[in-house]
Structure formats: structure tokens, C-alpha cells
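The values are calculated or read from the model by the stated rules, or taken from the named source; none is laboratory data. Being a predicted model, the structure only gives us computed values, none of them experimental. Cβ sites come from the backbone with ideal geometry, for glycine too, and all protein chains shown count toward neighbours. Heavy atoms of the whole protein, side chains included, go into the accessibility calculation; ligands, DNA and RNA do not. Shrake-Rupley method; radii C 1.70, N 1.55, O 1.52, S 1.80 Å.
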Amino acid sequence: MSLPDTPGWLAPLLVVALAAVHARGRWPLQNPWRSAAAGASVAYIFLHLMPQLAGAHAARGLASEVVFFALALAGLVAFYGLEHALRRHDEGRADASVFHLHVAAFATYSLTIGYLMMQREQEGTLPLLLYAGAMALHFLASDSNLRVGHRAAQAARARHVLAGAVLLGGALGAGFQAPPLLVDALFALVAGGIVLNVLKEELPDESGSHFGGFALGAGLYGALLVALE
């Protein structure tokens, strides 16, 4: 059951919107705006999601909040390991098995984000909108083509797989309510994945990243989060 101030149609609509962002692939979002979107999504992780998880540890029967930070670290390490494996292959020569692994990993990631959208509505309208906004900005800032050597047809299929994963996650979230501790654990894992995926897009010189835009996005979204606390 969602809270009375949260329309029942809002979370499903936001899931569809996130899937549409993925299906579109590379949006014409140029820097500094792309870096600003990335900065905003990271601000959400550090100033809203992780503090909220840390504050909930006692209610979940945990003696310490460290478990959530450990899960966030695990998410970061897992995605770093995946990227490390992919970069061992020269662009244009990544074999099919590595490509499929990458798509499968990001589909699982996207499915989890869609699932958590439906769980977020129980917190109320504002937390739901903040989560949806941060995830949309993350998808906009990310390279949905997965940055591996593959043909255009493969890239199109991958985008539709990722979009379908978001929709499937939303459907699972509507039909299955996981225990609160598991939901929090999934949020922590996704948090680590988001941080790693943003940094891998922003740090390489060839990505055309824009520090000013990143700092502006992080500062503005961070200020909004602090003001709403």
C-alpha cells in the first residue's frame, strides 16, 4: 500500500519514463549538461540515499550501519571488475561472450532500479520523485551503448533489453514486496554501482567530461536535497 499522498499511478508512470530514457540510447545531452546530470545523481547517493540507509539500520535489526556501506562497496567493486574485464579487449574486438555479460549485468542493474522505484513509493511522493529524478539523470549521463566494440544492431538490441529490464523490474515491484532489509540492501548495491558508473564516464580525458558542470550539478541537486531534509 502506498501512502495516501502518493497517487497509485505515479510510480508505474515513472518506471515507464525511465525505460524510455534507456530505449532512446544516447540522448543529445552535451557537456556541461551531461556532467551536471552525473553530478546530480552522485549527490543523491551521498546526501540522501546512504544517510537514509544508515539511519534505518536499527529499525532493520542491525547493530551497525556499516553493512550498508559494505554493500555499496560491493556494488562498486562488482562493476569495476566488469569494466576491467571489458577493457582488456580492444575496441571493435570484444567477443560475444563479454558483450552478453555486459548487457546481462546492466540489465540486472536496470531491473533492480525499476523494482526499487515501486518500493520507493511507500516512502511518499517526494522521496519517489527524488529517486526517479536521480535515476533519470544517471541514465541520461550514462552511455547506454555500453562502450564496447559492437555493431549498431547489437547496440539497438541492448538498449531495448535494458528498457525491458526496467519495465520488468517495475512489474516485479508491483507484485512482490521484499522484506525491508532486502530492499535496503538492494538500494546500497545500486548506490555503489551508480558511483562507479558515473566516475568511469567522467574521469577519462577522451570522454569530454566537464568538471564545472559536474560540480554545478552536484551542488544544485545537493542543495535541493539538504533543503528538503
Using heavy-atom solvent-accessible surface (probe 1.4 Å) with all chains present, what is the largest-first order of L186, L181, L82? L181, L186, L82
Under 1.5 on a/c is rounded, so check that first for the range 158-229, then, if it is not, pick prolate when a/b is larger than b/c and oblate when it is not; a ≥ b ≥ c are the square roots of the alpha carbon gyration tensor eigenvalues. oblate
Computed over the range 165-215, protein heavy atoms only, probe 1.4 angstrom, the accessible area per residue in square angstrom equals 45 Å²
Using a simple spin-label model with points 7 Å from Cα along the Cα→Cβ vector, what separation in nm is obtained for A223 and L129? 1.9 nm
Could you tally the net charge around V190, taking each other residue with its Cβ under 15 Å from the Cβ of V190, Lys/Arg +1 and Asp/Glu -1? 0
Separation of the F46 and A171 label points, Cα + 7 Å toward Cβ, nm: 3.8 nm
